[in-house]
Amino acid sequence: MSSVVDFDALGQFVEVPDAARRLLSNPEKEIHFALSLKTSDYELLEGNCYVVYHCTARGPGKGGLRMSADATLDETRRLAELMSLKTALAGIPFGGAKSCLSIDPSRLNRFEKTAVIKEYVHMLRLELEHGNYVPAPDMGTGPTDMAVIFGETHIPESVTGKPPRVGGLPGRLEATGRSVSKAALLGLERLLRKPSSGATAAVQGYGNVGSHTAMFLSEAGVKVVAACDIAGGVYNSDGIDTKALKDHVGKEGSTKGFTGGDQITNAELLGLDVDLLLPCAREDVINAANARDVRAALVVEGANGPTTPEAEAILSEKSVRIVPDILANAGGVIASYVEWRKAKSGALTTKEETFELIDDRISSAFDDMMRMCKDKSCSLRMASFAIAVEELVQAMRDRAWI
């Protein structure tokens with residue numbers, strides 16, 4: 001597979017032994033099975049499931065369950081590797097893993113989706129019950145799906161992202177948006193030398209991550225002037241009412257028809273002259289075709305892999321800096337660790353405590369990234385990779401893997 005990390009380039013900044021490089025360049029383990037389920041006398045639901053463990057040197061495999069019609073094994077591998085780096089950078093004792101179901105969730109009713117999740121658990125029962133892999137919500141899945149997994153395993157720590165009433169964590173739903181907003185605020189302060197009050201932002205993708213990111217930024221005084229999703233978007237130079245937009249999306253299913261601003265396309269949003277551009281939808285949205293249109297001073301990656309390498313090179317030429325995904329969107333896995341730990345101990349945790357830990361971990365990782373960036377004269381992404389890989393290498397040494 002093609003690794004997320006360019007180890008040849010990384011070697012200029014941190015020592016990576018050959019044995020560690022070989023281990024990190026390929027997944028530890030992969031599971032592939034075909035899921036087939038008859039949903040009526042006339043319909044057969046079929047799809048492939050891919051489960052990838054990238055590196056478990058630092059702990060159990062942690063990574064979301066994604067459900068998407070175009071899910072692939074290569075995508076699952078890449079996301080598992082990103083999770084290995086993310087947990088290492090955030091200092092969370094998990095390894096990196098991922099699972100993807102190649103089924104379109106929009107075509108399933110609640111009964112059908114529950115049946116699919118139960119079949120998924122049936123096929124992975126030993127992995128889940130032994131704690132080898134701990135799933136969480138990702139694209140196409142949510143808290144109810146995690147509750148279904150818990151209902152099958154009867155082990156609270158076997159899955160995170162559950163609804164709070166069934167052993168989940170208060171604040172878990174907002175956790176990724178919390179970390180993206182915290183990384184953005186730190187970027188304003190440390191990179192742009194600009195106060196949050198009066199700063200401007202555009203949010204691409206207004207699902208769970210994007211909507212909570214926008215609301216946290218608004219609470220901090222940032223003016224969110226644009227937001228969009230797959231159906232289009234909205235622009236308001238005076239700032240969008242982010243909560244009203246979230247309520248509209250919850251009711252209508254998209255930003256389309258929101259009356260709190262002018263209609264705008266995804267392409268137009270990416271080219272807005274703002275302080276912060278926050279891609280919070282999915283991978284590869286900033287690419288070679290549109291990177292030269294970006295006028296934001298700072299890109300903060302809320303989604304996994306939203307900026308292609310070609311686009312990053314173009315943005316670098318334009319002096320646009322990028323706070324990478326493995327730092328910015330780590331709030332989800334930080335909160336998952338709190339939930340996992342809580343499930344084992346029986347302790348109670350408040351939403352405020354969840355947010356406090358996310359803020360602390362993101363601030364610490366941001367400081368580490370800035371120090372590495374300054375010491376090694378490298379990009380923010382390369383600095384983050386260097387810190388994460390160093391942690392993984394040391395864990396391998398601690399376990400006598402290398």
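Quick one: in region 295-323, which of the residues that are polar (S, T, N, Q) and crowded, with 20+ Cβ neighbours inside 10 Å is nearest to the chain's Cα centre (by Cα)?
Applying the filter and picking the extreme gives Asn304.
Being among the basic types (Lys, Arg), part of a loop (DSSP other than H, G, I, E, B), under 22 Å from the mean Cα position of the chain (by Cα) and under 23 Å from His212 (Cα atoms): is that true of Arg172 here?
In short, yes.
Please determine whether any residue of region 332-344 is assigned to a loop (DSSP other than H, G, I, E, B) and more than 22 Å from the chain's Cα centre (by Cα).
No.
Given the conditions (1) surrounded by fewer than 18 Cβ atoms within 10 Å (Cβ to Cβ); (2) modelled with pLDDT under 95, report the number of the one that Met139 does not fulfil.
For Met139, the exception is condition (1).
When the residues of region 7-64 are narrowed to those that are of a type in the set (Phe, Trp, Tyr) and in contact with a strand residue (DSSP E or B) (Cβ under 7 Å, 6 or more places away or on another chain), which ends up nearest to Ile402 (Cα to Cα)?
Checking each candidate, the answer is Tyr53.
Quick grid of which residues meet (1) touching a residue at least 24 places away in the same chain (Cβ under 8 Å); (2) within 29 Å of Cys100 (Cβ to Cβ); (3) of a type in the set (S, T, N, Q):
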| residue | (1), (2), (3) |
| --- | --- |
| Lys182 | yes, yes, no |
| Ala214 | yes, yes, no |
| Leu217 | yes, no, no |
| Ser237 | no, no, yes |
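Check off (1) of a type outside the set (Ser, Thr, Tyr); (2) crowded, with 20+ Cβ neighbours inside 10 Å; (3) at pLDDT below 95 for Lys344 and give me the number that stays unchecked.
Unmet for Lys344, out of (1) of a type outside the set (Ser, Thr, Tyr); (2) crowded, with 20+ Cβ neighbours inside 10 Å; (3) at pLDDT below 95: (2).
If we scan region 281-302, do we find a residue that is touching a Phe, Trp or Tyr at 6+ places or on another chain (Cβ under 8 Å), touching a residue at least 40 places away in the same chain (Cβ under 8 Å) and outside the structural domain of Val134 (by TED's automatic domain parsing)?
no
Can you tell me which residue within region 279-289, out of those that are buried (at least 16 other Cβ atoms within 10 Å of the Cβ) and among the hydrophobic types (A, V, I, L, M, F, W, C), is modelled with the lowest pLDDT?
If we take residues in region 279-289 being buried (at least 16 other Cβ atoms within 10 Å of the Cβ) and among the hydrophobic types (A, V, I, L, M, F, W, C), then Ala281 is modelled with the lowest pLDDT.
Condition check: outside the structural domain of Glu119 (by TED's automatic domain parsing), touching a residue at least 60 places away in the same chain (Cβ under 8 Å) and surrounded by 14 or more Cβ atoms within 10 Å (Cβ to Cβ). Does Val14 satisfy that?
Yes, satisfied.
Taking only pairs six or more apart or across chains, which ones have beta-carbon atoms under 7 Å, a first residue in region 21-41 that is closer than 12 Å to His54 by Cα, and a second residue that is at pLDDT 95 or above and in a loop (DSSP other than H, G, I, E, B)?
Between residues of region 21-41 that are closer than 12 Å to His54 by Cα and residues that are at pLDDT 95 or above and in a loop (DSSP other than H, G, I, E, B), the close pairs are Leu23/Trp401; Glu28/Thr56.
Residue under question is Arg292, and the condition is that it be of a type in the set (D, E, K, R), over 30 Å from Phe355 (Cβ atoms) and surrounded by fewer than 23 Cβ atoms within 10 Å (Cβ to Cβ); does it hold?
Taking the combined requirement at face value, the residue satisfies it.
Picking from Val121, Val134, which residue would you name as being among the β-branched types (Val, Ile, Thr) and either touching a residue at least 60 places away in the same chain (Cβ under 8 Å) or surrounded by 23 or more Cβ atoms within 10 Å (Cβ to Cβ) (or both)?
Only one candidate passes the filter, namely Val134.
Could we say that Ala347 is assigned to a helix (DSSP H, G or I) and not charged (D, E, K, R) here?
When the stated conditions are applied, Ala347 does not pass them.
I need the full set of residues from region 333-390 which are polar (S, T, N, Q) and either within 14 Å of Leu85 (Cβ to Cβ) or out of contact with any Cys (no Cβ under 8 Å at 6 or more places or on another chain) (or both), in order please.
Once the filter is applied, which keeps residues that are polar (S, T, N, Q) and either within 14 Å of Leu85 (Cβ to Cβ) or out of contact with any Cys (no Cβ under 8 Å at 6 or more places or on another chain) (or both), region 333-390 yields Ser336, Ser345, Thr349, Thr350, Thr354, Ser363, Ser364, Ser377, Ser384.
Of all residues in region 63-117, how many are of a type in the set (Asp, Glu) and crowded, with 21+ Cβ neighbours inside 10 Å?
1
Within region 236-244, identify whether any single residue is touching a helix residue (DSSP H, G or I) at 6+ places or on another chain (Cβ under 8 Å), modelled with pLDDT of 95 or more, crowded, with 20+ Cβ neighbours inside 10 Å and on the phi < 0 side of the Ramachandran plot, and answer yes or no.
Within region 236-244, one or more residues are touching a helix residue (DSSP H, G or I) at 6+ places or on another chain (Cβ under 8 Å), modelled with pLDDT of 95 or more, crowded, with 20+ Cβ neighbours inside 10 Å and on the phi < 0 side of the Ramachandran plot.
Within region 125-146, how many residues turn out to be more than 14 Å from Gly64 (Cα to Cα) and either in the same structural domain as Glu339 (by TED's automatic domain parsing) or among the aliphatic types (A, V, I, L, M) (or both)?
Residues in region 125-146 being more than 14 Å from Gly64 (Cα to Cα) and either in the same structural domain as Glu339 (by TED's automatic domain parsing) or among the aliphatic types (A, V, I, L, M) (or both): 1 in total.
Identify, from the list Ala214, Ala244, Ala201, Ala227, the residue that is out of contact with any Asp or Glu (no Cβ under 9 Å at 6 or more places or on another chain), in a strand (DSSP E or B), under 30 Å from Glu356 (Cα atoms) and assigned by TED's automatic domain parsing to the domain that holds Glu317.
Ala227
Filtering region 97-114 down to residues that are closer than 12 Å to Ser68 by Cβ, outside any loop (DSSP other than H, G, I, E, B) and among the polar types (S, T, N, Q), which residue is modelled with the lowest pLDDT?
Ser106
The values are calculated or read from the model by the stated rules, or taken from the named source; none is laboratory data. Just so it is clear, the model here is predicted, and its values are computed rather than measured. Backbone-built Cβ (ideal geometry, glycine too); neighbour counts: all protein chains shown.
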